[in-house]
There are 2 protein chains.
Amino acid sequence: MLIVEDDPVAAAAHTLYVEREPGFHAAGTVHSCADALRFLERARAAGTPIGLTLLDLYLPDGHGLQLCRTLRAAGHTTDVIAVTSARDLAMVRQAVSAGVVQYLLKPFSAAALHDRLERYARYRDTLGRTGEATGQDEVDQALALLRTAERSALPKGLSAPTLDTVAGVLREASTGLSAAAAGAAAGVSRITARRYLEHLVDTGLAAREPQYGSVGRPELCYRWKGDGATAGRRG
Amino acid sequence: MLIVEDDPVAAAAHTLYVEREPGFHAAGTVHSCADALRFLERARAAGTPIGLTLLDLYLPDGHGLQLCRTLRAAGHTTDVIAVTSARDLAMVRQAVSAGVVQYLLKPFSAAALHDRLERYARYRDTLGRTGEATGQDEVDQALALLRTAERSALPKGLSAPTLDTVAGVLREASTGLSAAAAGAAAGVSRITARRYLEHLVDTGLAAREPQYGSVGRPELCYRWKGDGATAGRRG
DNA sequence: GCCGATCGTGAACTCTATGAACGCAAACGT
DNA sequence: ACGTTTGCGTTCATAGAGTTCACGATCGGC
């Protein structure tokens, strides 16, 4: 992972955050568009292209999004997380159309970056397994990982402790659980369990798949998907 | 809005769908990368730049994503909804990094496109009001609008995951399948498989034809037809 | 310190997606 | 033509999904 950041203090902080993240590694830190381009070129030539770039938008020798467009035109495949203190909403649209995967407002907490990186990792994971999508759902799921709000902000009606319990129960169950079974294991009702399981599916942490074979409406089997194969280093 | 689509039938269908959408207007329909670029150039020169492009990825003179990168490099600001029958998940990542706002698998229903366009309109609306973001939340909410969860309403008695499974099985079977065979492959009963296959026939995604030759009532052979012609909407 | 508002939970109920059973339709063979 | 054969298509029981609503806890306001 490449970090492009004007301010040395911020650059050091970002590097620290990233290094703390399992699965990520700060391959380099540069302070300008020109240096970033040079770094990416060299990495690609060396056969170890950079997978992810943390890109500040205001740089001394140009705008980060312009760099981004240059990269695309040059065929670079690195994904970009935009980082900026600009509050301008129109910039968000430009960032999306330049192909950034995340848009992070400065100043951000380590937790906020952690959340973004984790989601990005899962996104890569989903798209990385060289399979084919069976339907639109699968595509939407992957995009949802990039485009949903932070997980720490729970929807109304859900509480953090219960979510932890349910998520824990599901994680332990290797074979997958029905809503009723998860409820029994977590010590809550089927209804409550289902609420939290659905939330996990929404946020991409769990998958849901119907169990056919017996008569009656098929039972939904929830399966933990959260820590799926995050072994390889990204960036 | 510009529609870029190779197949004349699909292009006409897309145009029809778009025109039905309040707030959207099909400014033009082109059938190749070169024409698309020319159209966008001309529109920009005329002072009426195209805000949104519905872009098929497989075009006779090049790949849609390459066109997309060319557009970015040339400073075009149009947003892009990618449309493709390719199920390859790696393509999704490339599309995101090329700056598409939506990724829609062919064949899609009018309802699916409607949903995407409506969400896109809200996204534009959120980012368009020239205000400043008060925080990360606002940015996240705008991006979340590009995430889509809303499935097109299925007839009662049918479920989305099962439909995906059955459609997937049928798509993979080059030779065509009987209801019983499809059921076996999808892990559901013949009855259930038949329900979904009939639905696919109803929506024009599959064809059904009897197999003669052996003793007994002829077996019905279902064959995937989806990628050829988009589902015709009655009415 | 009391009261109203809100939030998370669970019980009761309705609805929906599935498969088994069964009658019937459609082709072949004689 | 008529029986044989095979699988279609329908009906129905069923079990679990999903919804609605009421209850208790907790929080903030006056």
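Okay, residues lined up against (1) open to solvent by 60 Å² or more (accessible area, probe 1.4 Å); (2) over 19 Å from the mean Cα position of the chain (by Cα):
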residue	(1), (2)
A:24	no, no
A:56	no, no
A:65	no, yes
A:77	yes, no
A:102	no, no
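Every condition in (1) more than 7 Å from every other protein chain (Cβ to nearest Cβ); (2) more than 25 Å from residue A:24 (Cα to Cα) is met by residue A:167 except one, and the failing one is (2).
Restricting attention to the stretch A:16-26, does a residue exist that is of a type in the set (Asp, Glu), touching a Pro at 6+ places or on another chain (Cβ under 9 Å) and assigned to a loop (DSSP other than H, G, I, E, B)? Within the stretch A:16-26 (the criterion being of a type in the set (Asp, Glu), touching a Pro at 6+ places or on another chain (Cβ under 9 Å) and assigned to a loop (DSSP other than H, G, I, E, B)), the answer is no, since none of the residues qualifies.
Pick from the stretch B:26-44 the residues that are under 24 Å from residue B:125 (Cβ atoms) and not hydrophobic (A, V, I, L, M, F, W, C): which of them is surrounded by the most Cβ atoms within 10 Å (Cβ to Cβ)? If we take residues in the stretch B:26-44 being under 24 Å from residue B:125 (Cβ atoms) and not hydrophobic (A, V, I, L, M, F, W, C), then B:28 is surrounded by the most Cβ atoms within 10 Å (Cβ to Cβ). Scanning the stretch A:146-201 for residues that are charged (D, E, K, R), within 13 Å of DNA strand D (Cβ to nearest atom) and closer than 28 Å to residue B:92 by Cβ yields one hit, A:198.
Can you tell me which of A:207, A:153, A:185 is open to solvent by less than 60 Å² (accessible area, probe 1.4 Å) and either out of contact with any Pro (no Cβ under 9 Å at 6 or more places or on another chain) or at pLDDT 90 or above (or both)? Quick ask: steps written out before the conclusion?
Numbers: A:153 fails: open to solvent by less than 60 Å² (accessible area, probe 1.4 Å); A:185 fails: open to solvent by less than 60 Å² (accessible area, probe 1.4 Å).
The match here is A:207.
Open to solvent by 10 Å² or more (accessible area, probe 1.4 Å), without any contact (Cβ under 8 Å) to a residue 40 or more places away in the chain and at positive phi, is that true of residue A:47? It is true that residue A:47 is open to solvent by 10 Å² or more (accessible area, probe 1.4 Å), without any contact (Cβ under 8 Å) to a residue 40 or more places away in the chain and at positive phi. Tallying residues that are more than 11 Å from DNA strand C (Cβ to nearest atom) and among the β-branched types (Val, Ile, Thr) within the stretch A:131-190 yields 5. Cβ-Cβ distances below 7 Å connect the following pairs, each with a first residue in the stretch A:180-205 that is within 14 Å of chain B (Cβ to nearest Cβ), a second residue that is near DNA strand D (Cβ under 9 Å from one of its atoms), and a separation of six or more residues or different chains: A:201/A:208.
The values are calculated or read from the model by the stated rules, or taken from the named source; none is laboratory data. The structure presented is a predicted model; accordingly, all values stated were derived computationally and were not measured. Heads up, the Cβs are rebuilt from the backbone with ideal geometry, glycines too, and the neighbour counts pull from every protein chain shown. Heads up: the accessible areas ignore ligands, DNA and RNA and are worked out on the full protein's heavy atoms, side chains in. Shrake-Rupley method; radii C 1.70, N 1.55, O 1.52, S 1.80 Å.
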